[in-house]
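Here the structure comes first, spelled out in structure tokens, and everything after it is commentary.
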Amino acid sequence: MLYISVVIFVITASAGMTMLVLRLRRGKNPPAVLAIVHGIFAACGLVVLTIAPAVAGLSVKAVIATVLYEFAGMAGFGAASFHLRGKLLPVYLAAVHASIAVTATVLLVLGIMAH
């Protein structure tokens, strides 16, 4: 289950990186459909990661990664609110969101390796 969550989060990160590049290069928000796909994959990864302890248990690093993904999700909802209001997404918010998610992914992988 943990490996599945890593795969889902890598797909999520790919969509996120694409959105960040689009935001930086074009100077406008990425397409809403890409943001929706990104959010759906992130939610699926978090669900799988939340179910994982019942199947395999989690290391402390993986638990911390789960909490960090939840914070990244909150920042993602904040970013989505800019889309919904038709306002330009601040680059700092995208950077904070990405930094938290990348840190969580690294911790998750380390947690799986230590488990």
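Every read-out reported here was derived from the displayed coordinates using simple, explicitly stated rules and does not represent laboratory data. Just so you know, these numbers come straight off a predicted model, no measurement behind them. As a convention, Cβ positions derive from the backbone with ideal geometry for all residues, glycine included, and neighbour counts pool all protein chains shown.
Side notes on the structure shown:
- Cα long-axis angle, helix 2-26 against the chain (0 to 90 degrees, to the nearest 10): 20 degrees
- Between Gly57, Gly86, Gly39, the GNM of the chain built on Cα springs shorter than 10 angstrom shows Gly86 fluctuating the most.
- Segment Arg25-Val47, extension gain: residue separation times 0.36 nm, minus the distance between their alpha carbons: 4.7 nm
- Long-range tail of P(r) for the chain (Cα pairs > 18 Å, %): 47 percent
- A helix-only calculation puts the chain at -30500 deg cm²/dmol for mean residue ellipticity at 222 nm, using -39500 (n - 2.57) for each DSSP H run of at least four residues, averaged over all residues.
- GNM remark for the chain: springs join alpha carbons under 10 Å apart, and the peak mean-square fluctuation among Val102, Val33, Val21 falls on Val33.
- Within a Gaussian network of the chain (alpha carbon springs, distance under 10 Å), most fluctuating of Leu24, Leu89, Leu58: Leu24
- Sorted fewest first by neighbouring Cβ atoms within 10 angstrom, Phe9, Phe71 come out as Phe71, Phe9.
- Taking the number of Cβ atoms within 10 Å of each Cβ as an exposure proxy, the fewest-first ranking of His38, His83, His115 is His115, His83, His38.
- Sorted ascending by nearby beta carbons within 10 Å, beginning with the fewest, Tyr3, Tyr69 become Tyr3, Tyr69.
- Spatially, region 40-62 and region 6-26 are offset by 20 Å when compared through their Cα centroids.
- Helix axis angle, 60-85 relative to the chain longest principal axis, alpha carbon, degrees: 20 degrees
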